[in-house]
1. Report, by chain and number, residues whose modeled amide H sits under 5 Å from the one on Gly234, excluding near sequence neighbours (fewer than 5 apart, same chain).
2. Got a sec to turn the phi values of segment 119-132 into Karplus ³J(HN,Hα) couplings, 6.51 cos²θ - 1.76 cosθ + 1.60 with θ = phi - 60°, whole Hz, x for Gly and Pro?
3. Run the numbers on segment 49-180 and let me know its relative contact order in percent, using alpha-carbon pairs under 8 Å that are six or more apart.
4. Taking springs between alpha-carbon atoms closer than 10 angstrom, which of Ala55, Ala163, Ala36 fluctuates most in the Gaussian network model of the chain?
5. Mean-square fluctuation check for the chain, GNM, Cα pairs under 10 Å: which of Asp104, Asp126, Asp45 is largest?
6. With r defined as the distance between the Cβ atoms of Arg180 and Glu154 and R0 fixed at 22 Å, what FRET efficiency is calculated, to the nearest 0.05?
7. Could you list which residues have their amide H under 5 Å from that of Leu179, counting only those 5 or more apart in sequence or on another chain, with H placed in the peptide plane?
8. Hey, what do the phi angles of segment 4-9 turn into as Karplus ³J(HN,Hα) couplings, whole Hz, using 6.51/-1.76/1.60 and θ = phi - 60°, x for Gly and Pro?
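Only the coordinates and a few stated rules stand behind these numbers; no lab work does. Predicted model, so just to flag it, every value in this text is computed and none were measured. Here the Cβ is made from the backbone with ideal geometry for all residues, glycine too, and neighbour counts use every protein chain on show.
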Amino acid sequence: MDGYSISRTAERTGFTISALRFYEREGLVRPARTEAGYRCYTEGDVAALRFIARAKGLGLTLDQVAELVPLFRGERCAPVQDRLRELVDGRIVETRARVAELVDLTAELRHAAGGLRGHTPDGPCDDACGCATAAAAPAADPPVVCTLGDGEREGRAAAWRAALAAATGRHETAGGVRLRYPREVDVAALAGLAAAENDCCRWATFTVTIEPGGVTVDVTGPEAARASIVRMYGAPGG
């Protein structure tokens, strides 16, 4: 019988032998058996296993992978691509939420570390040593980071280039940058872009003002972010 042994398949796919046996038990791959009872993997099995590795690398669950494998073994790419894209989009939302949580946790840990250096009692722990209790954390500005992935940043940058090109004026303000637009600008699209940007750049505040003479967008943030705001959204003059 033509095909690959389990050890050769492990070499070709990067999975361990125990992982291959696990995926067989889960029904994701069903290798044939030789007359002697040895597993025999086909090229299709190897391709499916490489697809499984790809899906697992994207953080998909075993149930999601099990849903995708039959589609992958089908005759058309479109159903695989469509469903995989839906799952990956969901992972992006989850990952952004985790990034925001980690940013908050980092601030909390820094505050805790500072508290643990401030006071050491000569005896048992007390209410001020920071071991069992924490002082109220001072209001802190979000860190000047962007949580967009590399693939998303190019599209977002292109959207902002188009939005900035449509502005009739751009100039620096005490808090950041002010963009001016004619009254007929698509305010909904502009606000949507600003909201999406605020979702990944939590340190920036976008204020859209509609007036009889036109529309303004004020981009502001903490002092640590001012240079980034001017670089990203501003330009000399106005």
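1. Counting only residues 5 or more places away or on other chains, the set is empty.
2. Whole-Hz 3J(HN,Hα) from phi for segment 119-132: 8, 10, x, 8, x, x, 4, 10, 6, 10, 7, x, 7, 9.
3. 12 percent
4. Greatest mean-square fluctuation among the candidates belongs to Ala36.
5. Asp126
6. 0.25
7. Sorted by chain and number, the residues that satisfy this are Val217, Asp218, Val219.
8. Listing the rounded values in order: 10, 6, 5, 5, 5, 5 Hz.
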